[in-house]
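Q: Below you will find the structure I want to go over with you.
Where a number appears in this text, it was derived from the coordinates with a stated rule and is not lab data. Since the model is a prediction, treat every value here as computed from it, not as a measurement. We place every Cβ from the backbone using ideal geometry, glycine too, and count neighbours over all the protein chains shown.
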Amino acid sequence: VHELSEIFNDLDKKKLLTELKKKKNFVWVKRDLSPKEKQLIYNFSIPGFDLINTTKRVYPYGNLFAHSIGYVDIDLKGLAGIERYIDENDLANKTKTIELSLDVRLQNILHEEISYSIEKFNAKGGSGIIVNPQNGEILAMVSKPDFNPHYPGHDNPQALFNSVTQGVYELGSCMKALIMAIAFDISAITMHDAYDLTYMQVSGFNIKDTKPSKGWNSIPQIFLNSSNIGLSQIVLEIGKHNLQEYLKKLMLLDKLNLEIVECSKPLYKPVSLWNDLRLITMSYGYSISESPAHLIQAMIPVVNGGIFHPLTLKKRNNITSNYHESRRIFKEETSKQMRQLLRIVVSKGTGKKANVNGYYIAGKTGTANKVINGKYDDNRRISSFFGVMPVTNPQFLLFVNLDDPSGIRETFGFAGGAWTAAPTAKAIFSRIATLFALNKIDSNDEDAQFYENIEYKITNET
């Protein structure tokens with residue numbers, strides 16, 4: 001022990017001596033030796049001691065894929081992320097290669113832009129996910145703060161938390177897109193319907209809009225202005241039974257199913273307690289908390305023509321074993337109508353700061369006040385944006401959110417999704433367009449005209 005301590009300055013001599021005196025056939029002295037330490041051991045030639053070659057996992061990208069890939073212990077046992085999934089399913093012994101759907105280029109873009117926005121708006125954290133809406137593949141997934149997978153124990157425990165798949169949040173107005181899609185699909189509304197937004201009270205609770213638009217408003221106007229009063233009336237026409245049925249089909253009432261164990265279950269009151277007031281608050285993103293991954297998975301059939309594809313971190317093709325889970329949820333017409341509404345939000349509404357000229361971005365902003373000490377705090381929020389590019393043929397579905405961002409001079413003190421998450425999305429979409437050398441869409445293109453020129457004003461309205 002004395003000789004070994006001359007080589008290893010950090011050796012616990014007392015502990016090692018105790019271990020060596022036990023009736024054991026094998027005792028680890030030190031692991032992960034440096035080349036210099038290895039040579040010194042050779043030179044000492046101490047009887048009874050030997051060197052064993054072992055394998056060590058190295059993560060070349062460091063923190064970049066920390067929450068997706070996860071990490072292993074010193075014996076290479078998976079403890080988190082895909083590493084744990086492989087270990088628990090004994091996949092390492094069944095196949096040579098496990099190809100992930102993650103794209104390092106997109107991951108880097110998402111990581112950089114979210115990190116930049118967190119610093120810019122002095123947010124506590126942020127997250128983002130990019131998905132291929134045509135097959136459910138996760139192309140990038142970022143949760144900040146993150147950690148070094150080589151030394152996961154060195155970081156704050158909060159950094160190990162994957163806010164994309166584990167965190168559950170009230171996501172505000174992003175939920176309105178789902179409510180509209182359900183209403184279209186069951187023919188509760190048409191694009192030509194209108195509702196009076198002057199006043200609404202339910203169970204003694206006054207429903208209010210951030211930007212009141214009294215009088216009769218069309219369906220596109222209601223969505224464009226993100227009217228709580230309008231969505232409240234629409235969700236009551238949908239009804240409890242239909243809402244539950246669609247939320248169930250969209251996997252919004254069940255635990256997230258993904259190739260990592262760090263997955264959450266949504267938080268909501270038992271369905272038996274869903275009264276009119278609860279339906280109303282759910283319609284504009286309260287009374288139900290979901291992970292960002294839950295939300296983006298539910299948005300896949302909203303934008304891709306109506307087909308639900310479960311999210312996956314593994315490369316998927318038409319013969320992938322779990323691809324049979326894909327199924328139609330919305331009519332194709334419903335998806336087209338929703339893309340029209342999502343486009344108008346970006347071209348004329350709260351999503352303007354997410355627009356990238358020529359690429360026809362469509363999406364929806366969301367802002368939800370956080371609960372602090374049991375009460376909603378008007379000055380604390382989760383700011384979100386989900387969007388798709390291009391609206392004419394969705395290839396990239398994106399969700400970003402910022403945890404408790406602060407307003408700055410550039411945003412005139414505002415910190416909602418329109419001012420913080422939307423410009424973050426714009427930066428991401430712009431870099432994606434450049435990366436893949438996407439061609440801009442001609443404004444005279446027939447499909448572009450369909451999604452761009454939507455009639456939303458009521459006849460004779462000034």
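Q: Please list the radius of gyration and Dmax for region 106-186, considering alpha-carbon atoms only, with Å as the unit.
A: 15.6, 52
Q: Around A425, with a cut-off of 13 angstrom between Cβ atoms, what is the net charge of the other residues, counting Lys and Arg +1 and Asp and Glu -1? Before the final figure, lay out the partial values.
A: Working: positive: K352, K353, K364, K426, R431; negative: E113.
Result for the local shell: +4.
Q: Per residue, how big is the convex hull around the C-alpha atoms of region 315-451? Give it to me in cubic angstrom, could you?
A: 166 Å³
Q: Net charge near H192: determine it from the other residues with C-beta under 13 Å of the C-beta of H192, scoring Lys and Arg +1 and Asp and Glu -1. Let's see the in-between values first.
A: Details: positive: K457; negative: D193, E455.
Net of charged neighbours comes to -1.
Q: Would you mind calculating the gained length between A437 and K255 on full extension (0.36 nm times residue separation, minus the Cα-Cα distance), in nm to one decimal?
A: 61.8 nm
Q: Work from the charge dipole of region 412-460 (Cβ charges, +1 for Lys and Arg, -1 for Asp and Glu, about the Cα centre) and give the residue of F450, G416, L438 farthest towards its positive end.
A: Towards the positive end, the residue furthest out is G416.
Q: What's the FRET efficiency of D193 with N275 using the Cβ-Cβ distance as r and R₀ = 25 Å, to the nearest 0.05? It would help to have the intermediate numbers written out before the result.
A: On the way: r = 25 Å, r/R0 = 0.98.
The pair D193/N275 has a calculated efficiency of 0.55.
Q: Where Lys and Arg each count +1 and Asp and Glu each count -1, what net charge lies around K315 among other residues with Cβ under 13 Å from its Cβ? Provide the component values of the computation, followed by the final result.
A: Details: positive: K314, R316; negative: E99, D103, E137, E259.
Overall, the nearby charge balance is -2.
Q: Of all trypsin sites (Lys or Arg not before Pro) in region 37-66, which ones are in loop regions per DSSP and have a Cβ with at most 15 other Cβ atoms within 10 Å?
A: Values: sites: K38, K56, R57; in loops: K56, R57.
Of the trypsin sites (Lys or Arg not before Pro), the ones in loops of region 37-66 whose Cβ has at most 15 other Cβ atoms within 10 Å are K56, R57.
Q: Could you name the lysines whose alpha carbon sits less than 27 Å from that of K269, not counting residues in the same chain fewer than 8 places away?
A: K176, K208, K240, K248, K249, K255, K364, K370, K375
Q: Beta carbons within 10 angstrom, averaged per residue: use that to sort the peptides 299-309, 76-86, highest first. Please report the intermediate quantities before stating the final value.
A: Working: 299-309: 23.6, 76-86: 19.1.
Peptide ranking by packing, descending: 299-309, 76-86.
Q: Specify which residue in the list T210, V27, N357 is farthest towards the positive end of the charge dipole of the chain, using unit charges on the beta carbon of Lys, Arg (+1) and Asp, Glu (-1), about the Cα centre.
A: V27
Q: Here is a follow-up. Say R0 is 30 Å: what FRET efficiency, to the nearest 0.05, do N373 and W216 get from their beta-carbon distance? Could you put the intermediate results ahead of the total?
A: On the way: r = 41 Å, r/R0 = 1.35.
About 0.15, to the nearest 0.05.
Q: Mind checking which lysines have their Cα closer than 23 Å to the Cα of K15? Skip sequence neighbours fewer than 8 apart in that chain.
A: In chain and number order, the partners are K23, K24, K30, K38.
Q: List residues of region 394-429, by number, whose backbone nitrogen lies under 12 Å from a label position 7 Å along Cα→C-beta of D445.
A: Under cut-off, by backbone N: 394-395.
Q: Which values of log₁₀ I(q)/I(0), to two decimal places, follow from the Debye formula for the chain at q = 0.05, 0.11, 0.13 Å⁻¹ with a uniform point scatterer at every Cα?
A: Rounded to two decimals, the profile gives -0.23, -0.87, -1.15.
Q: Report the charge-dipole magnitude of the chain in Debye, nearest 20, computed about the Cα centre from +1 at each Lys and Arg Cβ and -1 at each Asp and Glu Cβ. Don't jump to the answer; show the numbers that get you there.
A: Values: 54 positive and 49 negative charges, 161 e Å.
The dipole of the chain has a size of about 780 debye.
Q: If I stretch the segment between K208 and N89 completely, what's the gain in nm (0.36 nm per residue apart, minus their alpha carbon distance), one decimal? Don't jump to the answer; show the numbers that get you there.
A: Values: separation 119, 0.36 × 119 = 42.84 nm, distance 5.02 nm.
Result for the pair: 37.8 nm of gain on full extension.
Q: Be a star and scan region 299-319 for residues whose amide nitrogen sits under 17 Å from the point 7 Å along the Cα-to-Cβ vector of Y61.
A: From region 299-319, the list is 312-316.
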